[in-house]
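*Asks:* Got a structure for you, questions after.
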Amino acid sequence: MNVTGARILVPGATGAIGSALSERLHQRGAHIAVAGRDREALARLADVCGNVPSRRFDAYDLDTCADTVTWAHETLDGLDAVVVCVGVAGFGPAEAVGDAVAEHLVTVNALAPMAFLRAALPLVPRGGLVAAVTGIVVDMAPAGMADYTASKAALVYWLSSVRREQRRKGVDILDLRLDHVESGFAQRAVVGTPPDLPRGQSVQEAVDKVMEALEGAGGDGSPRGPEKR
């Protein structure tokens, strides 16, 4: 995909990866719209990126997630890509996490990204793409992260099925399964304390990999970039 001139929505743009990705896309000449939960951070990011369109959403409001895609499509006069950077961590043994926290993890990590991308599928043209940041935790399934891993895995398998559905249309479906990133994400967990983790890649290194995946997408429905099999 040629990022320069592409019309791209970045939900989750106020997080570490989403913010850095938005700035990189703007620097590369993309026409972006940014969406996030933190109103003040969203305003700062929009200003840094040249007063690009911005919209606040709550991941728990799935209708608002879908409506944000429609808004971006109208605001940018079309939509070539949606790259979802929404997510929240959670730690602890399964019996201690609780159903309310488990529901929160599934909603933010799976249902909200699905709502964004589901709404984007009828709007993104041939040669475009939809993508979501997942994580290597899906491949590792470590102890103490059962509900977090399950929520991410739900999104991964949803993306895999949608990729098959969209192949004939020529829309790429990207699972951006990044390694551990030193973004402070684990320290902002909704529950529990993160285990000792080896030093991860920097946010900028993670964004490099995301950009490589976006620019390597060929519009034929085939996966490229930092996907793990």
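The values are calculated or read from the model by the stated rules, or taken from the named source; none is laboratory data. All figures in this text were calculated on a predicted structure; none of them were measured in a lab. Using ideal geometry, Cβ is built from the backbone for each residue, glycine included, and neighbour counts are taken over all protein chains shown.
*Asks:* Here are 88, 83: which of them is surrounded by 24 or more Cβ atoms within 10 Å (Cβ to Cβ) and either at pLDDT below 95 or under 16 Å from the mean Cα position of the chain (by Cα) (or both)?
*Replies:* 83
*Asks:* Determine which member of the set 52, 34 is more than 15 Å from residue 85 (Cα to Cα) and among the hydrophobic types (A, V, I, L, M, F, W, C).
*Replies:* Answer to the selection: 52.
*Asks:* If you go through segment 170-181 one residue at a time, do you hit one that is among the aliphatic types (A, V, I, L, M) and more than 16 Å from the chain's Cα centre (by Cα)?
*Replies:* The answer is yes, given that some residue of segment 170-181 is among the aliphatic types (A, V, I, L, M) and more than 16 Å from the chain's Cα centre (by Cα).
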